[in-house]
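This report refers to the structure that appears directly beneath it.
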Amino acid sequence: MKIILANPRGFCAGVNMAIEALETALRHYGSPLYVYHEIVHNRPIVEKFQKLGVVFVDDISEVPFGGTVLYSAHGISPVIRKHSEERNLRAIDATCPLVTKVHKEAIKFARDGFTIVLVGHEGHDEVIGTMGEAPANMVLVEDAADVEALTLPADAKLAFLTQTTLSVDEAKVVIDALKLKYPQIVGPNKDDICYATQNRQDAVKKLVGEADAVLVLGSQNSSNSQRLAELARTNGKPAYLIDRVSELKDEWFRPSDTVLVTAGASAPEEHVQDCINYLCAKFGATVEPRVVREEDVSFPLPRELRVLTSA
């Protein structure tokens, strides 16, 4: 067996920042510490922090009055901020700056009188937070069929935004459909899909042709991890999305296979290495790292924590 180890893979700058923020908050404030939604969409990370006394909640009313809450990397709506203030919570905002960028674009477009078409997945934490910035001005579409079903006036003042973790190719299909139906629609100055999502997809696109099978480390509720597996399948290759080595099945592979291994932006590297070690032991695999693009992006800790760490 040969393993092609894709690079870039795994943690992005936003995930690194969110995890560091939660670790820093735990050191300063102790447990129980509350996080609104999962800090990142990764089951092993959530389980690790739960063991350290972190409580993940889906309703801000579950945080005790006067408690400490950290907002997840996916962002929140203004309503949640208001409820936090009403409950006198110490709030730490670990929203990824690239998600914050989309929120600001939504606020600006709404202020300027646009109806905003958001391209994204219904029910995703990021989509809920973004739509909460301008609920009266926003409509959600997931695919070209949703665009076809839109009944907005032909001359409506329209803008589009996208969830940051979409498939680049699928988002383009939906945006092209929007531009065809509503030629006057405008978009952000710069693509909303985040650099890490794009880079990990580009690596799979470049390398998948050499592979017999693709292994993606990431959780089922991770949008960007799901897109990596979908991309491999679109290219005719079997792809398996797992959290950890215990989920690997020998029957997925043949001893002669070339296996492309990658990881979503919230998947820890230790689980990638566990899987590689298993395949090396079981199938005598050799590993060939392949760098498609270098990454050097980093984000600072939330302002609320920078004050503590600089003191």
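The values are calculated or read from the model by the stated rules, or taken from the named source; none is laboratory data. Keep in mind it's a predicted model, so treat the numbers as computed, not measured. Every residue, glycine among them, receives a Cβ derived from its backbone with ideal geometry; neighbour counts consider all protein chains shown.
Taking the stretch 21-54, which residues are assigned to a helix (DSSP H, G or I) and closer than 27 Å to residue 204 by Cβ?
43, 44, 45, 46, 47, 48
Return a yes/no flag: does the stretch 200-213 have any residue that is under 25 Å from residue 45 (Cα atoms) and surrounded by fewer than 19 Cβ atoms within 10 Å (Cβ to Cβ).
No; the residues of the stretch 200-213 include none that is under 25 Å from residue 45 (Cα atoms) and surrounded by fewer than 19 Cβ atoms within 10 Å (Cβ to Cβ).
Tell me which residues, restricted to the stretch 231-253, are touching a Lys or Arg at 6+ places or on another chain (Cβ under 8 Å), more than 15 Å from residue 220 (Cβ to Cβ) and either among the small types (Gly, Ala, Ser) or in a loop (DSSP other than H, G, I, E, B) (or both).
Within the stretch 231-253, 235 is the sole residue that qualifies.
Which residue is surrounded by the most Cβ atoms within 10 Å (Cβ to Cβ), if the candidates are limited to the stretch 281-302 and must be touching a residue at least 24 places away in the same chain (Cβ under 8 Å) and part of a helix (DSSP H, G or I)?
283
Any residue in the stretch 225-242 that is under 22 Å from residue 12 (Cβ atoms) sitting within a Cβ distance under 9 Å of a residue that is surrounded by fewer than 20 Cβ atoms within 10 Å (Cβ to Cβ) and of a type in the set (Phe, Trp, Tyr)? List the pairs, counting only those 6 or more apart or interchain.
Short answer, once both residue conditions are applied: 229/240; 240/252.
Is one or more of the residues making up the stretch 66-87 outside the structural domain of residue 38 (by TED's automatic domain parsing), under 24 Å from residue 11 (Cβ atoms) and in a loop (DSSP other than H, G, I, E, B)? Outline the logic, then answer.
Within the stretch 66-87, the subset outside the structural domain of residue 38 (by TED's automatic domain parsing) is none.
No - not one qualifying residue is present in the stretch 66-87.
Kindly indicate whether residue 228 is buried (at least 24 other Cβ atoms within 10 Å of the Cβ) and closer than 30 Å to residue 159 by Cβ.
yes
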